[in-house]
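To keep things clear, I will list the structure first and then write my remarks on it.
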Amino acid sequence: QVQLVESGGGLVRPGGSLRLSCVASGTLIYIWDMGWFRQAPGKQRELVASITRTNSTKYSDSVRGRFTISKDIPKNTVYLQMSSLKFEDTAVYSCNASCLSANHWGQGTRVTVSS
């Protein structure tokens, strides 16, 4: 059974940094396209960053240049390094693994940017 477990969220001041981790079990991440999504209160879930099986990355306009997605194959983990955080980055961040019609989600980790 595929499981994704996120960690690394928390409270951070504007301008600060956090690194989110998504550890996969029951599968190997290199066979999946991986993504980080976020959902802020009252808003729809949005794709923040993605990394394909061939390591091609994409970012939303709102985070490009501030966030970096990466993966560590031996650790079976995907990371989201977030820098220069803004109030509007406050959200629950969830990890996703997709391949053709298969789709798996983690439970999410909350990031709060507040002074």
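The values are calculated or read from the model by the stated rules, or taken from the named source; none is laboratory data. Predicted model, so just to flag it, every value in this text is computed and none were measured. Quick reminder, even Gly has a Cβ in these numbers, built from the backbone with ideal geometry, and neighbours come from all protein chains shown. Remember, those area values only see protein heavy atoms, side chains included, never the ligands or the DNA or RNA. Shrake-Rupley method; radii C 1.70, N 1.55, O 1.52, S 1.80 Å.
Yes/no per residue for (1) touching a strand residue (DSSP E or B) at 6+ places or on another chain (Cβ under 7 Å); (2) at pLDDT below 95; (3) under 19 Å from S7 (Cβ atoms):
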| residue | (1), (2), (3) |
| --- | --- |
| Y59 | yes, no, no |
| T68 | yes, no, yes |
| Q81 | yes, no, yes |
| E88 | no, no, no |
| N96 | yes, no, yes |
| S101 | no, yes, no |
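Could you list all residues from the stretch 28-56 that are hydroxyl-bearing (S, T, Y) and either open to solvent by less than 30 Å² (accessible area, probe 1.4 Å) or touching a residue at least 40 places away in the same chain (Cβ under 8 Å) (or both)?
Y30, S50
For the stretch 58-107, filtering for residues that are touching a Cys at 6+ places or on another chain (Cβ under 8 Å) and either of a type outside the set (A, V, I, L, M, F, W, C) or farther than 13 Å from W36 by Cα (or both) leaves 3. If the condition is being under 19 Å from G9 (Cβ atoms) and open to solvent by less than 50 Å² (accessible area, probe 1.4 Å), then the stretch 73-83 contributes T77, V78, Y79, L80, M82, S83.
Filter the stretch 1-21 down to the residues that are of a type in the set (A, V, I, L, M, F, W, C) and more than 9 Å from M82 (Cβ to Cβ), then identify the one that is least open to solvent (accessible area, probe 1.4 Å).
To start, the set of residues in the stretch 1-21 that are of a type in the set (A, V, I, L, M, F, W, C) comprises 2, 4-5, 11-12, 18, 20.
Now restrict to residues that are more than 9 Å from M82 (Cβ to Cβ): 2, 4-5, 11.
Numbers: V2: 35, L4: 12, V5: 76, L11: 134 Å².
In this case the residue turns out to be L4.
S25: at pLDDT below 95, polar (S, T, N, Q) and surrounded by fewer than 17 Cβ atoms within 10 Å (Cβ to Cβ), yes or no? Reasoning before the result, please.
Numbers: at pLDDT below 95: yes; polar (S, T, N, Q): yes; surrounded by fewer than 17 Cβ atoms within 10 Å (Cβ to Cβ): yes.
Here the answer is yes, as S25 does meet what is asked.
Which of the residues belonging to the stretch 57-77 are without any contact (Cβ under 8 Å) to a residue 40 or more places away in the chain and among the charged types (D, E, K, R)? Selection gives K58, D61, R64, R66, D72.
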